[in-house]
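Structure first, then comments.
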Amino acid sequence: MAGNANSGRKKTSVAEKKLKGTYRKDRDEKQEKAESAVSSLIAFDRDCVIKAPATLSGYPKIKKAFVQHAQSLIQLGLLSPQDVPELTMLYELLAQYTDVSQCLKTVDIVEDFEQYQALTHLRLNLQKQFSSLAARYYISPTARAKLTLDVLEIDKKKSENQNAISKILAKRNA
């Protein structure tokens, strides 16, 4: 299978080379810069703050919820820059849902049944779209349970990595 993309040895990351003690600046400096550039594109720093979009300016509660939700996802390492437009859309759907619900309260079902029916249909569609996005961003009850399990798994992997590092250092120092 010569030439197969899966054949041969996988490239070792710079972090792994540093752990093993095989890192050489003259050979691995370019790879380290590339890895850091890629990691900056796919993840936020833990102290990064995302501001609410201008489309939510008329909805202070929703704006506050957006900022808190984005901050908590960033701190858990679950939000990437590519997710921000979709998260924004989630909260814009919520704002539209509240607008439609307010309009629905003012419509008399007996006098204007067609408008009531159209608004109800619109509200159900918004709710369906919101629910499908909300599950991805840990808003539904099942998603929150999954988030708890994910956080526990992340903590477990961190402790396993720390144990592996300490074992490597112990072997190295022995």
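Read-outs throughout are calculated quantities, based only on the coordinates presented, and are distinct from any laboratory measurement. Keep in mind the model is a prediction, meaning the values are calculated, not measured. For neighbour counting, all protein chains shown are included, and Cβ atoms are generated from backbone atoms with ideal geometry for every residue, glycine included.
Miscellaneous remarks
- Relative contact order, percent, the chain [alpha-carbon distance under 8 Å, six or more residues apart]: 16
- The packing ranking of peptides 93-104, 54-65, highest mean first, is 93-104, 54-65, where packing means the average number of other beta carbon atoms within 10 angstrom of each residue.
- Label selected from [x] 18.1; [y] 17.3; [z] 20.6, the criterion being Kirkwood radius over Cα pairs in Å as computed here: [z]
- Residue-averaged 222 nm ellipticity for the chain, from DSSP H runs of 4+ at -39500 (n - 2.57), nearest 500: -24000 deg cm²/dmol
- Sequence-distant aspartates and glutamates (8 or more away, or on other chains) whose Cα lies within less than 18 Å of LYS18: ASP26, ASP28, GLU29, GLU32, GLU35, GLU160
- Long-range lysine pairs (8 or more apart or interchain), the stretch 30-147, Cα under 28 Å: 16
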